[in-house]
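The next block holds one structure in the form of C-alpha cells; read it before the comments.
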Amino acid sequence: PSHPTPGIALPGAEDGGKSTFADWLTMTYGNVNTITMTQLSSNENVYVRNCQFIVIEEASGKDQRNISAQEIVDKLKPMVTQTGKKIPSKKLYDNSTEVEYYGHVIILSNDISPIQMKGESTRWWVRWIGKPEKHDRFVERLREEVCHFLYYLDNEFKPSRMESKERLWFNPKEYWTLDKDTAITNNNSKIYSAIKDAI
C-alpha cells in the first residue's frame, strides 16, 4: 500500500443528483453526517465523532460567501488525511478533546474551487457529476437496491489491486481524472498565473 483512500469530491451542475447520492449513503450505511460549509468553518466539529462518512453539501452555496478557500482547506486537510488517528473534537460550550476518527470525507459542490491541490497531491479523488437521466420511482428503486449492494460488497466484491478486501489502497495514478488535473492547475496563485501567461 502506498496511499490511503482519498477524500471524494463530486462537483457538478445544479440538479445533478449529488444530494440523492448523499441520501443513498445514509440509506446504505446509516452512519453518515451531512454538514454545510458554514458548519465546517465553525469551531464546533462534534460531527466527526463516531462517524463513517462526513458529507459536505454545496460548497458554493449563498450562505458561504464569507468563508475563504484557505479556511476550507485548513479544515478539510486533517479530516481527509488523519483517518485512523485521533483528532481534536469540540462540542459547543465544551473544551476540545481528542477522539478516535475514522471518517471519510465526501464533498458535494457546484464547482471545484474549494478543492485545493498541488503537484502530485493525492488528497482528493475528483469526479465530475453530469446531468442524470430521469427515471420513475428512482429513489424508491435505489432504496430497494441497498440490501443487494451490501450483499455484493460482503460476498462478491474482489478489489483488483490487493489480496485482502479490507485494504482499500490505491496508487495516485489510479485515481487521476481530468477534473482533478483542472483542480491542481487552477490552484496556482495569481502571481504565478500572471508570470506563466507572460512567458
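The values are calculated or read from the model by the stated rules, or taken from the named source; none is laboratory data. Just so it is clear, the structure is predicted and the values come from calculations on it, not from any experiment. Because the Cβ atoms are built from the backbone with ideal geometry, glycine has one as well, and the counts that use them run over all protein chains shown. Only protein heavy atoms, including side chains, enter the accessible area calculation; ligands, DNA and RNA are left aside. Shrake-Rupley method; radii C 1.70, N 1.55, O 1.52, S 1.80 Å.
Quick look at the numbers
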read-out: Odd one out for residue 34 among (1) within 13 Å of the chain's Cα centre (by Cα); (2) open to solvent by 40 Å² or more (accessible area, probe 1.4 Å); (3) under 19 Å from residue 135 (Cα atoms); value: (3)
read-out: Test set (1) surrounded by fewer than 17 Cβ atoms within 10 Å (Cβ to Cβ); (2) at pLDDT 80 or above; (3) not charged (D, E, K, R) - residue 70 fails condition number; value: (2)
read-out: Pairs with Cβ under 8 Å, 6+ apart, first in the stretch 125-153 and in a helix (DSSP H, G or I), second surrounded by fewer than 10 Cβ atoms within 10 Å (Cβ to Cβ); value: 141/135
read-out: Answer from 190, 173 - the residue that is at pLDDT below 85, loosely packed, with under 11 Cβ neighbours inside 10 Å and either over 20 Å from the mean Cα position of the chain (by Cα) or acidic (Asp, Glu) (or both); value: 190
read-out: Of all residues in the stretch 97-144 being of a type in the set (Phe, Trp, Tyr) and either closer than 23 Å to residue 51 by Cα or modelled with pLDDT under 85 (or both), the one that is surrounded by the most Cβ atoms within 10 Å (Cβ to Cβ); value: 124
